[in-house]
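These notes concern the structure reproduced below.
The values are calculated or read from the model by the stated rules, or taken from the named source; none is laboratory data. Here the structure is a predicted model, which is why all the values come from computation and not from measurement. Here the Cβ positions follow ideal geometry from the backbone for every residue, glycine too, while neighbour counts run over all protein chains shown. Surface areas here come from the heavy atoms of the whole protein model, side chains and all, with no ligands, DNA or RNA. Shrake-Rupley method; radii C 1.70, N 1.55, O 1.52, S 1.80 Å.
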Amino acid sequence: MIVIGTDQLQAWWSRHPQAENPLRAFVALARRCGADTLREHFAALLREDDTGRLVFALPGGVAIEARLHAPLGILRIEAVTVTPATRTKG
Amino acid sequence: MTAPAAIKPIRTDAEHRAALAEIETLFDAAPGTEAADRLEVLTILVAAYEQKQHPIEAPDPVAVLDFAMRAQGRTQADLAALLGSRSRASEVLNRRRALTRDMIDKLATAWGVPADLLSAAYPVRAGMPGALKRGLAATAVVAVLGTAALAGTIGGMVWAYGDSLPSTAELADYVPADMRRYDESGRLAAYRRFVPLSAIPAHVVGAFLAAEDQDFYAHDGYDVWAMVRAAGQNLMHPGSKPAGASTITQQLAKNLLLPGKPPSFERKTQEVLLARRIEAALSKERILELYLNEIYFGGRAYGIAAAAEQYFHKRPADLTVAEAAYLAALPKAPNHYRIDVAENRDRAKTRRDWVLGRMADDGFITVSAATFARAEPLTSAVQRP
């Protein structure tokens, strides 16, 4: 899968170093996922809102909001945010 | 409506931002349309620019594995089930053991973790105090003590036994003394030469971990389930030699702090209590170092250096895999497996080969290395009739 919007990640982990490995691992694994297997591989971290936006609550207190274009295999990272406490337990 | 910009490589942040903005407008494009084609090309260009400007490399294999497990909702117990051993899972996640090709294949096949992300070289620590199963150990202690309470008086006995135990504090700076003891006729009767853990090869240490305590890095000094299993075996076979289920730490406690004390419930209880104190006071490496230098190997050999010298005329650093496996076979019953006694040799080889199998199972050596080592004859540099 093609992952774009990754330019935000370095800036994030430079301020939140504990998130570096999770963010790197997220990108590495997402790039190697198919659109059809993405939900399976991130099942424990992923929720999907009503608009189809995917929210990955990663270890290290960071959440990634993204959109998936499944037929073209594109994952577009829209935002990197602090994980709300309620999501980190998921 | 303005015509779409020409497709060209992205060279600046401004072009990158513009491309992302256009991607947003195109993102719901239906496959097979011109908009989808443009979206796909723009995405490739953006990805190429980001990879060049802000490359995101994968973290090391353990970080990938840890993340993949969390992402899939898997636990260390799941990893243990996949890799076939709790100690293996613990050591991999704590960077005390490198992922082997076999492990990587299992993770890729069963969990879909890409093999290339798990194959990169990464440093493996010599070891550090394992605290991974502290919660489980605490639960086990509660279970043990609860059972004792149900039995009536055992809790009080534990308290009484613990109250009179020797101190473990001095072990922090303790170095087993080099020793040469002679019998009345002037022959060497006991010999020890201290060797630091750093001078003992990994395959030698691995042999002892495989033979004596596979969960060494995961437990807090004792393995309650192993003790329960041993107790069950002893109940099932009352006439046979009792199974001990002592961890390396318990063996160290017994040798160093309870020498000469005959087997009993009291000694077992004291071993457990002392083992916990030792684990709290010393690192795992220090415990291993003391253990390898203290234990008795039969004949006149105390400690790994004396044993390597006695049986093979070698230093520990020069021991082969087969020789290491043999020495690791000895602590269970030193004089039963000494190969300088002819009648012991067949059963000693059987025990050595068993250790080699465990070493392969635990990933300390490859299966083929174990096969080659099994083919080696078991001979001692010193032969007695």
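Only residues that are more than 10 Å from every other protein chain (Cβ to nearest Cβ) and closer than 22 Å to A:ILE74 by Cα were counted across the range A:10-23, and they come to 1. When the range B:271-284 is filtered for residues that are open to solvent by less than 30 Å² (accessible area, probe 1.4 Å), over 18 Å from B:VAL224 (Cβ atoms) and assigned to a helix (DSSP H, G or I), only B:LYS284 remains. Checked against the criterion of being closer than 23 Å to B:TYR122 by Cα and out of contact with any Asp or Glu (no Cβ under 7 Å at 6 or more places or on another chain), the candidates B:ASP37, B:ASP66, B:ASP28 yield just one match: B:ASP66.
Contact annotation: residue pairs with Cβ atoms under 7 Å, 6 or more positions apart or on different chains, pairing a residue in the range B:199-220 that is farther than 21 Å from B:ARG351 by Cβ and outside the structural domain of B:ARG88 (by TED's automatic domain parsing) with a partner that is buried (at least 23 other Cβ atoms within 10 Å of the Cβ) and of a type in the set (Lys, Arg), are B:ALA218/B:ARG86.
Among the conditions (1) out of contact with any helix residue (DSSP H, G or I) (no Cβ under 7 Å at 6 or more places or on another chain); (2) in contact (Cβ under 8 Å) with a residue 12 or more places away in the chain; (3) not in a helix (DSSP H, G or I), B:GLY299 misses just one, which is (1).
Residue-by-condition table, conditions (1) buried (at least 21 other Cβ atoms within 10 Å of the Cβ); (2) at pLDDT 95 or above; (3) outside any helix (DSSP H, G or I); (4) within 11 Å of chain B (Cβ to nearest Cβ):
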{"site": "A:GLN8", "(1), (2), (3), (4)": "no, no, no, yes"}
{"site": "A:ALA25", "(1), (2), (3), (4)": "yes, yes, no, yes"}
{"site": "A:ASP36", "(1), (2), (3), (4)": "no, no, yes, no"}
{"site": "A:ALA44", "(1), (2), (3), (4)": "no, no, yes, yes"}
{"site": "A:ARG47", "(1), (2), (3), (4)": "no, no, yes, no"}
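Only one entry of B:ARG86, B:ARG101, B:ARG95, B:ARG74 meets the criterion of being open to solvent by 50 Å² or more (accessible area, probe 1.4 Å), outside the structural domain of B:ALA218 (by TED's automatic domain parsing), at pLDDT below 90 and closer than 26 Å to A:ARG39 by Cα, and that entry is B:ARG74. Do you know which residues across the range B:16-68 are more than 8 Å from chain A (Cβ to nearest Cβ), open to solvent by less than 10 Å² (accessible area, probe 1.4 Å) and without any contact (Cβ under 8 Å) to a residue 40 or more places away in the chain? B:ALA19 - this is the single residue of the range B:16-68 that is more than 8 Å from chain A (Cβ to nearest Cβ), open to solvent by less than 10 Å² (accessible area, probe 1.4 Å) and without any contact (Cβ under 8 Å) to a residue 40 or more places away in the chain. Taking the criterion of being at pLDDT 90 or above, assigned to a loop (DSSP other than H, G, I, E, B) and within 30 Å of B:LEU117 (Cβ to Cβ), would at least one residue in the range B:13-26 satisfy it? No: the range B:13-26 contains no residue that is at pLDDT 90 or above, assigned to a loop (DSSP other than H, G, I, E, B) and within 30 Å of B:LEU117 (Cβ to Cβ). Going through (1) modelled with pLDDT of 90 or more; (2) assigned to a helix (DSSP H, G or I); (3) farther than 30 Å from B:ARG276 by Cβ one by one, B:MET69 falls short only on (3).
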